[in-house]
Amino acid sequence: MKTRLILVDDHQLIRMGVRMTLMAEPDKYEIVGEAASVPELVALLDGGTQADMILMDIIMPGMSGIDATRFVRGKYPDIFILVMSSDASVHTIKELTRLNIDGFISKNYTEEELTQAIDSIMNGLPYFGRDISQILSDIRRSNKTIPDDVFSERELEIIELCRCGMTAKAIADKLCISPRTVSNHKANIFSKMGINSNYDMIEYAVAHGIISGI
């Protein structure tokens, strides 16, 4: 099944570049809409455009990508959001992680990283570029209100099931929740740990005694 995507960026050349990258794999990706502003995105979604994921810029005239993310999360919570932006400030990343984005790559991404991020998120695994992950790690270390060992019961369940090698879909089936909910929980876990992969999550959890290494 193709991944249906909406491109949101006020720069036509950037949208064109993303479109060309994704059109190289027509069996995997389908661009169902493009928007140069938040109102255009709202019109697409409210007009019935069906999408699996939004590729979201942050810096746009008028309402920002953060406003757009807040709107999508409130009204269309099942749509995945991959942020693609040159704005990788601590403030922006904090705001977006609070809104449970599914991934963030900076605009100096490679074509390989773009498709890797999309595929990872569609498989239930949040994706944050290495530079973004470093900022997340710095935020976690400096944020004394979120200790390393504060994880919800559901988050602990998901960490343990990931350690057992279960996929996001298998975890969703076992816990009777949606894959999208699993992705949300994993995004929270990754944010708290300041990491961006299942391997790092398990390594962190074992090192901090959150789960057994056996």
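Descriptive notes on the structure:
- Electrostatic dipole magnitude of the range 1-112 [Cβ: Lys, Arg +1; Asp, Glu -1; Cα centre; debye, to 20]: 240
- Listed by chain and number, the lysines placed with their C-alpha closer than 30 angstrom to that of LYS174 are LYS2, LYS28, LYS75, LYS186, LYS192; residues fewer than eight positions away on the same chain are left out.
- Identified option (computed percent of Cα pairs over 30 Å apart; candidates (i) 17; (ii) 24; (iii) 21): (iii)
- Were the residues from LEU175 through THR110 laid out at 0.36 nm apart, the gain over their Cα-Cα distance would be 19.8 nm.
- Positive-pole candidate from HIS11, CYS176, MET23, dipole of the chain, charges at beta carbon: CYS176
- Placing +1 on the Cβ of every Lys and Arg and -1 on the Cβ of every Asp and Glu, with no other charges, gives the chain a dipole of roughly 420 debye about its Cα centre.
- Listed residues PHE128, PHE151, PHE190, most fluctuating in the chain (Gaussian network, C-alpha, under 10 Å): PHE151
- With the charge dipole of the chain set up from +1 on Lys and Arg Cβ and -1 on Asp and Glu Cβ about the Cα centre, the Cα lying farthest toward the positive end among the listed residues TYR204, SER37, GLN50 is that of TYR204.
No lab work stands behind these numbers, since they all come straight from the coordinates. Note that the coordinates shown come from a computational prediction; the quantities given were computed from them, not determined experimentally. As a convention, Cβ positions derive from the backbone with ideal geometry for all residues, glycine included, and neighbour counts pool all protein chains shown.
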